[in-house]
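Peer 1: Quick one: the structure is below, questions incoming.
Values quoted throughout were computed directly from the atomic coordinates according to the rules given, and no laboratory measurement underlies them. All of these numbers come straight from a predicted model, not from anything done at the bench. In this analysis, Cβ positions are derived from the backbone assuming ideal geometry, glycine residues included, and neighbour counts consider all displayed protein chains.
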Amino acid sequence: MAENSATAALGVVEAVSSGRLGGRVKELRRGRGLTLEELAERSGVSRAMISKLERGEKNPTLVVAARLAEGLGVTLSRLAGAEERREVVVVPRERRMVMRDPETGFERQLLSPTFSGRGVEFVRNVVPEDGTSGEFPPHRRGVQEHLVVEKGELRARLGGEEYRLREGDALYFEADVPHRFDNVGAGECSYYLVINSAGAV
């Protein structure tokens with residue numbers, strides 16, 4: 001990973017020193033429909049400097065390049081045209097984090113990687129026939145949940161409201177209320193849940 005970062009950093013330095021950066025700035029600026037003045041305002045780099053860079057008359061410092069990247073809404077590596085390695089994590093089925101309530105049989109399978117601070121969890125829940133998730137306490141304000149029923153029939157109780165969902169039905173709710181999910185159909189019920197706490201306060 002460190003080697004990839006070092007390679008990307010070298011790519012940025014090469015782009016800055018070789019004068020290629022001006023062409024990328026122009027390409028990205030036009031692609032976003034920005035005038036020289038607008039980019040100058042967003043980045044804190046003068047219009048005259050941006051104009052000289054785009055014409056290849058001047059090479060920017062790394063600080064100036066970083067300001068332009070920020071103004072264009074891209075990373076410094078992308079501005080320089082360096083290929084960024086995207087993060088890919090495989091969670092094998094046998095290595096999922098699984099929690100099972102011994103009393104109710106309710107099962108929670110974490111499908112997303114166990115990163116801290118990412119703000120999003122992807123979960124598969126399984127509710128036995130006549131079973132329930134139990135009542136979850138309210139989350140912080142701003143936490144959102146997205147749910148889709150994979151199999152069976154589910155009753156969602158959100159605060160004082162009830163919603164009956166069948167296979168394929170989806171539900172979105174703000175999760176700062178008590179909530180529980182009951183299996184109200186024949187056989188096992190399973191549903192997928194995305195918990196987004198990125199905007200929580």
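Peer 1: Taking a label point 7 Å from the Cα of Val120 along the Cα→Cβ vector, which residues of region 43-83 have an amide N closer than 19 Å to it?
Peer 2: Of the residues in region 43-83, 74-75 have backbone N under 19 Å from the label point off Val120.
Peer 1: Grab the other residues whose beta carbon is less than 14 angstrom from that of Leu171, score K and R as +1, D and E as -1, and report the net. Walk me through the numbers before you get to the answer.
Peer 2: Values: positive: Arg155, Arg157, Arg164, Arg166, Arg180; negative: Glu145, Glu150, Glu153, Glu161, Glu162, Glu167, Asp169, Glu174, Asp182.
Once positives and negatives cancel, what remains is -4.
Peer 1: If I histogram all Cα-Cα distances within region 93-196 using bins 10 Å wide from 0, what percent of pairs lands in each bin?
Peer 2: 15, 49, 32, 3
Peer 1: Could you list which residues have their amide H under 5 Å from that of Glu167, counting only those 5 or more apart in sequence or on another chain, with H placed in the peptide plane?
Peer 2: Placed amide hydrogens put Gly152 under 5 Å from Glu167.
Peer 1: Name the lysines eligible as straight-distance cross-link partners of Lys26: C-alpha to C-alpha under 30 Å, and not fewer than 8 places from it in the same chain.
Peer 2: Within reach: Lys52, Lys58.
Peer 1: Under 8 Å for C-alpha pairs, at least 6 residues apart: give me the relative contact order for region 93-196, rounded to a whole percent.
Peer 2: Numbers: 258 pairs, mean separation 34.3, N = 104.
RCO, region 93-196: 33 percent.
Peer 1: Another question, if that's okay. Pick out, in residue order, every one of the trypsin sites (Lys or Arg not before Pro) in region 91-143 that is DSSP loop and has at most 16 other C-beta atoms within 10 Å; say none if there are none.
Peer 2: Details: sites: Arg93, Arg95, Arg96, Arg100, Arg108, Arg118, Arg124, Arg140, Arg141; in loops: Arg96, Arg118, Arg140, Arg141.
Loop-located and lightly packed - Arg96, Arg118, Arg140, Arg141.
Peer 1: Based only on the alpha carbon positions, what is the Kirkwood hydrodynamic radius of region 157-201, in angstrom? Mind dumping the intermediate values first?
Peer 2: Working: mean 1/r = 0.0807 Å⁻¹.
Every distinct Cα pair counted, the radius reaches 12.4 Å.
Peer 1: Right, something else. What spacing in nm lies between the two simple spin-label points modelled at His146 and Arg32, each 7 Å away from Cα in the Cβ direction?
Peer 2: Rounded to a tenth, the inter-label distance reads 2.5 nm.
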